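Each value in this text was obtained by applying a stated rule to the coordinates, not by laboratory testing. Just so you know, these numbers come straight off a predicted model, no measurement behind them. Heads up, the Cβs are rebuilt from the backbone with ideal geometry, glycines too, and the neighbour counts pull from every protein chain shown.
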């Protein structure tokens with residue numbers, strides 16, 4: 001039997017914080033406990049936000065924590081052709097269409113829909129795609145593309161779900177509402193998700209399932225904020241004929257106001273904690289048993 005494969009997959013768009021440390025340490029510990037392998041993947045598709053200095057900082061912070069990983073490191077920006085191939089496979093099934101509305105236009109469409117009552121939202125709280133790009137004639141789609149108009153390539157969720165019935169996944173951790181064991185996937189709750197854009201041949205949803213399959217990841221350890229997105233990932237795995245990993249979603253590290261730590265909220269980074277005198281052992285206690293208090297919590301929402 002092959003050893004289990006785990007991965008930690010940060011984006012180099014900011015410095016790592018305690019939430020990243022917790023997830024990385026959990027993956028590292030699981031790999032050691034099971035005699036498995038730990039991979040590091042750099043998710044650097046977003047060229048506008050990802051920077052080399054943040055990637056270097058990721059390596060330095062993880063090494064300071066005592067985490068070891070296999071090399072070479074997979075960098076998503078070096079594998080665009082593989083994502084494009086997966087997208088073309090979905091397109092050949094008739095499951096992909098271009099949508100040309102800007103974010104501002106989508107916001108106006110949602111506002112118009114909500115004049116008649118609340119518009120459906122996905123599990124993250126974002127409104128489902130409200131446009132009618134699926135009904136455009138092929139000739140009109142081609143004309144718009146030829147003009148150079150920006151567009152997003154979306155998954156026809158209704159058509160995709162008709163191809164796949166009874167989707168589930170094995171949850172070894174715990175969902176936000178205590179879900180464990182065999183969990184029913186509900187990808188339809190996400191609507192017609194974006195798979196790529198004109199300027200970028202992939203989205204997070206598509207890239208993550210392609211990467212995990214190509215790297216042989218067998219157990220995915222990640223935060224509960226991605227629990228519901230697993231439904232989309234399971235759908236794409238089946239449509240693309242990719243293997244099914246098991247999932248272990250963990251609690252999120254929250255600040256003193258019980259907000260999820262994030263780069264956008266300027267959460268205290270590992271570098272700041274190191275500068276303040278924290279040790280790797282203190283970080284492990286802080287994100288584990290909570291015996292060291294720096295104003296964070298490991299409790300669920």
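Inter-part distance, region 88-121 to region 140-162, computed on C-alpha centroids, equals 10 Å.
Would you calculate the separation in nanometres between label points at residue 177 and residue 60, each defined as 7 Å from the Cα along the Cα-to-beta-carbon direction? Computed distance between label sites residue 177 and residue 60 equals 4.4 nm. The angle between the Cα long axis of helix 18-34 and the longest principal axis of the Cα atoms of the chain comes to about 80 degrees, rounded to the nearest 10.
Would you calculate a helix-derived [θ] at 222 nm for the chain, using -39,500 (n - 2.57) for each DSSP H run of n ≥ 4 and dividing by the full residue count, to the nearest 500? If you can, show how the numbers build up before the last one.
On the way: 10 runs with 107 residues, N = 301.
Helix-only estimate at 222 nm: -10500 deg cm²/dmol.
Ranking 211, 122, 132 by Cβ neighbours within 10 Å, fewest first, what do you get? Present the calculation step by step, with values, prior to reporting the outcome.
Working: 211 21, 122 16, 132 10.
Final ranking by Cβ density, sparse to dense: 132, 122, 211.
With the highest mean first, a sort of the peptides 19-28, 185-194, 45-54 on other beta-carbon atoms found within 10 angstrom per residue produces 19-28, 185-194, 45-54. Among bridges DSSP assigns within the chain, what percent are antiparallel (round to 5)? Of those bridges, close to 55 percent are antiparallel. For residue 215 and residue 121, what is the calculated FRET efficiency with R₀ set at 30 Å and r taken between the beta-carbons, to the nearest 0.05? Efficiency, rounded to the nearest 0.05: 0.40. Of the peptides 198-209, 153-164, the order by per-residue mean of other Cβ atoms within 10 Å, starting with the highest, comes out as 198-209, 153-164. If one takes the longest principal axis of the Cα atoms in the chain, at what angle in degrees, from 0 to 90 and to the nearest 10, does the Cα axis of helix 230-240 lie? Relative to the chain, helix 230-240 is tipped by roughly 60 degrees.
Here the label points at residue 79 and residue 225, each 7 Å from Cα along the C-beta direction, are separated by 2.2 nm in the simple model. Mind giving me the FRET efficiency for residue 188 and residue 276? R0 is 45 Å, r the Cβ-Cβ distance, nearest 0.05 is fine. FRET efficiency, residue 188 to residue 276: 0.45. Taking square-rooted eigenvalues a ≥ b ≥ c of the alpha carbon gyration tensor, is region 79-250 rounded, prolate or oblate, where a/c under 1.5 means rounded and, failing that, a/b exceeding b/c means prolate? Cα axes put region 79-250 in the oblate bin. The C-alpha atoms of the chain define a longest principal axis, and helix 204-214 lies at about 70 degrees to it. Between residue 164 and residue 149, full extension at 0.36 nm per residue minus the direct alpha carbon distance yields a gain of 2.1 nm.
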